[in-house]
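Read the structure below first, then the notes.
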Amino acid sequence: MKEYCLKSAIIFMAVFGLLLTTNALAVDKVVLGHPACLSGKFAKAGSQASWGIKACVKWINEVNGGVKIGGKKVPLVYKPYDCESKKEMVTSLIGRLATIEKVHGIIAAYSSGLTLTGAPVAEKYGIPYLSQGGASNRIFQQGFQYAVQVLSPATLYQAGAVDMLRKADPSAKRMALAFEDSEFARMVLRGAEKHAKELGFKIVFNRTYPKHVNDLTPLLSDLKAAKPEIILGGGHFPDGQLFARQMSDLDINVKALSMIVAVTLPAFREALGAKTEGIVGPAQWEFGVKYSPAAAKKVGVPWFGPTNEEFVKLAKEFSGGKTPDYHAAEAGAAPLVFVKAVELANSVEPDKIRAAFNKMDLMTFFGEFKINPDTGLQTRHSMVVVQWQGGKKVIVWPEEAATGKLYYPMPTFAEKAKGKVAVPR
Amino acid sequence: MSSKIARYYPLIPVYAAYLILFLIGRNVTGMWQLMAMLVFYCAIGQAFNIFLGMTGYVDFGYVAFMGIGTYGMALSISHLYQIEGLGMWVILIGAVLAILMSGALSVAVGAVALRLRGAYFAIATIGVNEGFRFLIEGAKIWGGSEGIIFSGQFTHIFGRKTASLISTTWADIFVILVACLGAFVTLRFMLGKIGYALMALREDEDAAKVMGINVTKYKIIAFITSASLVGLVAAFAWGLKLTYLFPDEIFDISYTVECIIIVLLGGAGTLLGPVAGALIYGLSKYWLTIILPGFQLLIFAPIIIVIVVAFPEGVVGVLKRRVRGTVLEKFIV
């Protein structure tokens, strides 16, 4: 009798324990929080990010059927709050998301600064923290354990353009670097300088100009005297536009001009017209980029998520018909890679998700994703390079994503004034 | 003796508010970071009130003292992290640096700008803030536009767990302590000769001068005290808590505007005013963003306008009048 009781007790304990464990493991939804910049100084980029994320969450739930975990599919819930692009709101909202909403992952707010703001709080609660608008490499040099970068880091912004120009013109030597004096642009400059030197370019001019600059003539006059063949530069839209306009005024003609941020915006063409012909610029993503299941197969990595066309269509449902830009795409990629990590981990435990990120090597509509396991820094995503050709933006690099060929060398400003376009034959 | 103690009764509601915030933060799940935000607003409001509330001068460049205070903490951690065994001293050194640097800047600014009055003073102080930011960026001082990111060095000193505890908990507790100190200093000023002098110059500076009050001296005292306190708040709330700084973020003029809103909302020149203003401002902002993310500012702005119209002297200003002659009078100053 005693033995029978003991056996029964053991069986009961085992069954009860199993039930408890199963209960603990049962997940009926996966929640992704986001202190979104829907107002304040990053409202424009933040709204785009919000459309991109909503589009991909919708794709995950409706097309993918949810998140596969523990043998069944559960919905992905997106929980955004407006952080007003302010530090204090970011920390308090992440605190709320972690404790009250009990999210399983957090998409960081836009910008490197706000990504850094939220990182210690996300670390405290041990929640995977996806940087979708924080390009600074320095975020990932601080030893954060749960931070993962989705987009290309700032030091790689001009790397694709440098590679492309080296391939287009192996004899080109003289390169000038002229960037805005901001944290982001200086990081880009540093990466570009290192990479250009590695590829045998000689840096003949290396200067920064202040933010909100109104006149670049003195800097450009010095730059002209250095006789560069290629110029890399930029910072934001106003200075980028000024840079190209005053290059035209001073008749500075080079074989290639690659500028960050401004070149990729339609307003650049609207402001400068034909002067933009042949100018190139890197972008995290561009509509029409040829990342696809076939491209993924070609490079031997799995594909996940909507195609470019599907993404744009879904994003337009949330944007009121506005075309999503790269801010939407880089943010949209965040829930995709997060879901893939949860599925790979088959768990919502932070450490397992973070470990799964380390194993991931996949392609989405935004490009490839692979991180440095120790730091979380993005290593595989490649910037695309666009060129203005006949009034249209054409993706010219990387080759697997390109929609057209590079026009090189760029027409002179005098030729552009006469109507010459940078369309390759 | 009892009358001496009674003079400090107005600190009771202020400290009670901080204690309640602390207890809610500690005991209610998910409230700590909200509490930290509210206390931050209380602390900057309290510090700003010492100058704006007591002198009537509006300093639009006030955030410069917060910025320089943050640099104090950042420089201490990023430069001293390799010294073994320094431990918590690095935070103390950072705090002292923050006070000294913001104090020194306020002396420099005050010596020039406090000779001006009204709109001229306000414009001059905006210039100081922007000029100082451009100086740091242009001359590439302390990392220039790239700022200082010292999360890694901070972790190096304290280890991952302690560093996380300091930046997510202790930094906020230090802000509460500075807020308490701010309230105490405000009351000491109010009760002493300084308070009377400041009140006189706020009402009529020329008359105060004629009566023999050294107005420049008292304005500078209020200015330095206010600047040092807010520098210390920022050293903890931005430096120690966030462990990075970018110049364009820490010299962002919107924080000055927030200080002005908080003080005017609560009641300029009152002790409890900045606390009431900060709680109204912070809580409405927070709850509206939870309920209506993306649309909160549309509702928030009219709420602020309604409060300012309904309480032209600030919430505490009106409350003070209402409780006159009652037992609550000695608690609300």
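Per-structure values
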quantity	calculated
Gaussian network model of chain B, Cα within-10 Å springs - most flexible of B:Gly85, B:Gly143, B:Gly103	B:Gly85
Mean Cα-pair separation over length for chain A, i.e. relative contact order, pairs under 8 Å, 6 or more apart, %	18 percent
Debye log10 I(q)/I(0) at q = 0.26 Å⁻¹ for segment B:226-287, Cα point scatterers	-1.18
Backbone N within segment A:168-192 under 14 Å of label point (7 Å from A:Arg207 Cα along the Cβ vector)	A:176-181
Sparse-neighbourhood loop sites, chymotrypsin sites (Phe, Trp or Tyr not before Pro) in segment A:107-141 - DSSP loop, at most 15 other Cβ within 10 angstrom	none
C-alpha long axis of helix A:326-345 to longest principal axis of chain A, angle in °	30 degrees
³J(HN,Hα), Karplus 6.51/-1.76/1.60, whole Hz, each residue of segment B:37-51, x for Gly, Pro	5, 5, 5, 4, 5, 4, 5, 5, x, 4, 5, 5, 4, 4, 8
Residue-wise HN-Hα coupling along segment B:211-218, computed from phi with Karplus coefficients 6.51, -1.76, 1.60 (Hz; x: Gly, Pro)	6, x, 7, 7, 4, 4, 4, 6
Within segment B:253-313, chymotrypsin sites (Phe, Trp or Tyr not before Pro) in DSSP loop having at most 15 other beta-carbon neighbours inside 10 Å	B:Phe295
Two-site FRET efficiency, B:Trp142 against B:Met211, from Cβ-Cβ distance with R₀ of 35 Å, rounded to 0.05	0.20
Distance between segment B:186-201 and segment A:97-147 - C-alpha centres, whole angstrom	46 Å
Kirkwood Rh in Å, taken over all unlike Cα pairs in the protein assembly as shown	28.1 Å
In degrees, nearest ten, helix A:308-319 long axis to first principal axis of chain A (Cα)	80 degrees
Candidates B:Leu135, B:Leu21, B:Leu201: whichever shows maximal mean-square fluctuation once chain B is modelled as a Gaussian network with Cα springs under 10 Å	B:Leu135
GNM result for chain B, Cα springs below 10 Å: residue of B:Met199, B:Met101, B:Met54 fluctuating most strongly	B:Met199
Distance between modelled label sites at B:Phe295 and A:Ala294, nm, 7 Å Cα→Cβ extension	4.5 nm
Given chain B, longest segment not containing exposed loop trypsin sites (Lys or Arg not before Pro) (DSSP; at most 15 other Cβ within 10 Å)	B:141-323
From phi via Karplus (6.51, -1.76, 1.60), per-residue ³J(HN,Hα) for segment B:6-16 in Hz, x at Gly/Pro	4, 5, 9, 4, x, 6, 4, x, 5, 5, 5
Segments B:33-45, A:338-350 sorted - mean Cβ within 10 Å per residue, highest first	B:33-45, A:338-350
Per-bin percent of Cα-Cα distances, chain B [10 Å]	6, 25, 34, 25, 9, 1
Chain B: calculated mean residue ellipticity at 222 nm from DSSP helix runs of at least 4, using -39500 (n - 2.57)	-23500 deg cm²/dmol
Amide H partners (placed H, <5 Å) of A:Ala135, local residues excluded	A:Ser112
Segment B:2-330: relative contact order in percent, alpha carbon pairs under 8 Å with at least 6 residues between	31 percent
Environment charge at A:Lys290 (Cβ cut-off 11 Å; Lys +1, Arg +1, Asp -1, Glu -1)	-2
A:Tyr209 long-range amide H proximity, modeled H, under 5 Å	A:Phe179, A:Glu180, A:Asp181
Number of partner chain Cβ atoms within 10 Å, mean per residue of A:35-42	3
Peptide A:91-103 - average C-beta neighbours from other chains (10 Å radius)	6
On Cα atoms only, tilt of A:112-125 relative to the major axis of chain A in degrees	10 degrees
MRE, 222 nm, helices only [DSSP H, n ≥ 4, -39500 (n - 2.57), over chain A, to nearest 500]	-13000 deg cm²/dmol
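Any read-out appearing in this document is the output of simple, stated calculations on the displayed coordinates, not a laboratory observation. Since the structure is predicted, the reported quantities are computational estimates derived from the model, not experimental observations. Cβ coordinates were reconstructed from backbone atoms using ideal geometry, including for glycine residues, and neighbour counts include every protein chain displayed.
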